[in-house]
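Scroll down for the structure; my scribbles are underneath it.
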Amino acid sequence: MQAVQLKSFGTTDQLYIGEYPDPSISDREVLIKVKAFALNRADLLQRQGKYPPPPGESEILGLEVAGEIIAIGEKVTNYHIGDRVFTLVGGGGYAQLVKSQENMLMHIPQQMAYHEAAGIAETFLTAWQTLVWHSRIKKDDKVLIHAGASGVGIAAIQIAKFFGARIAISASAGKHAVCRSYGAEICIDYRKESFEEVIKREWGGVDIVVDFIGEPYFNKNLNVLSVDGKMIILGLMGGIMSEINLIRLLSKRITIIGSTLRSRTEEYKAQLTADFKTNFLPSFTTGKSKVHIDSLLPWSAIKTAHDRMEANLNTGKIIMTID
């Protein structure tokens with residue numbers, strides 16, 4: 001097969017498409033002919049040598065794909081050759097062929113194109129884990145989502161709206177209209193405004209903070225959280241070290257959770273997928289939820305795609321198609 005590979009860790013100039021051995025499947029796995037895959041910020045880190053794949057996973061970049069099943073293991077029971085599916089994988093997504101555990105698969109809704117389905121698994125499962133499993137989101141909760149126009153950010157907006165929560169986001173001003181279209185009530189331009197001041201003025205505080213930034217926002221997040229509030233840290237784009245005023249943690253009974261998805265056990269990810277599939281995936285069929293696509297590019301433009309995400313130019317998902 002052909003796959004996107006690395007000459008060495010570093011810039012996008014290290015990316016190239018070349019021959020790579022086909023994956024072999026176990027008795028509970030399927031082999032998928034990939035039609036489209038999506039970019040995630042984890043891919044950029046792996047390209048730079050900062051985020052190695054978990055043990056046993058493919059060295060090829062890529063965490064979410066959509067395509068057609070072309071082979072199945074002997075113990076696969078719920079999927080068949082020819083099924084249109086999308087899935088979350090631990091690696092290997094930037095390729096013509098990828099293998100997936102059966103319990104990680106989801107059928108593509110009938111009206112949905114491959115390139116749309118390719119943008120669901122990583123972003124929406126991450127957002128579902130964050131808001132539903134970690135935060136126990138409920139109606140009328142006030143939620144602040146940093147990087148609100150990212151793939152996970154827009155997925156989180158839709159999931160928060162699904163539960164009847166009120167939503168504030170931080171993002172550059174040019175991305176606010178998109179966030180409002182999905183349900184954001186307050187949009188904060190992080191380049192010109194203090195999210196701490198805006199939240200305190202408009203709401204007084206929030207119940208949940210979803211953060212990708214880390215150090216520069218950490219104490220400000222503590223300041224805007226209400227009593228029994230929860231901060232879920234999904235990324236450290238702004239820095240990794242921060243001093244903490246422990247009095248605020250104690251007085252507000254704040255819960256802080258650092259979370260990743262890729263390194264979770266297969267059992268955990270399968271349970272998360274099953275929960276999401278039952279409780280939220282139908283909203284794509286009804287049209288209440290959708291993948292917001294920033295760019296749709298052929299996979300030959302993989303360098304351009306990585307450059308765009310690295311420059312924080314994308315609003316929503318960057319999707320690559322394979323002919």
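Computed from the coordinates by the stated procedures, all read-outs in this text should not be read as laboratory data. Remember, it's a predicted structure, so these values are computed and weren't measured experimentally. Here Cβ is always computed from backbone atoms with ideal geometry, including for glycine, and neighbour counts include all displayed protein chains.
Quick notes
- Listed by chain and number, the aspartates and glutamates whose alpha-carbon sits under 12 Å from that of LYS161, ignoring those within fewer than 8 places in the same chain, are ASP140, ASP141, GLU185.
- Total charge dipole magnitude, the chain, about the Cα centre, Cβ charges on Lys, Arg, Asp, Glu only, Debye to nearest 20: 920
- Going from the residue with the fewest nearby Cβ atoms within 10 Å to the one with the most, TYR190, TYR16 rank TYR16, TYR190.
- Per-residue ellipticity at 222 nm from helix content only, as computed over the chain with -39500 (n - 2.57) for each DSSP H run of at least four residues, stands at -7500 deg cm²/dmol.
- For the listed peptides 235-247, 104-116, a ranking on the average number of other beta carbons within 10 Å per residue, highest first, reads 104-116, 235-247.
- Cα centroid separation, the range 38-96 to the range 186-204 (Å): 38
- For the chain, built as a Gaussian network whose Cα springs stay under 10 Å, the top-fluctuating residue of ILE69, ILE256, ILE159: ILE256
- Given LYS175/LYS230; LYS35/LYS288; LYS7/LYS192; LYS142/LYS317; LYS175/LYS288; LYS75/LYS317, the pairs whose alpha carbons are separated by over 32 Å: LYS7/LYS192; LYS75/LYS317
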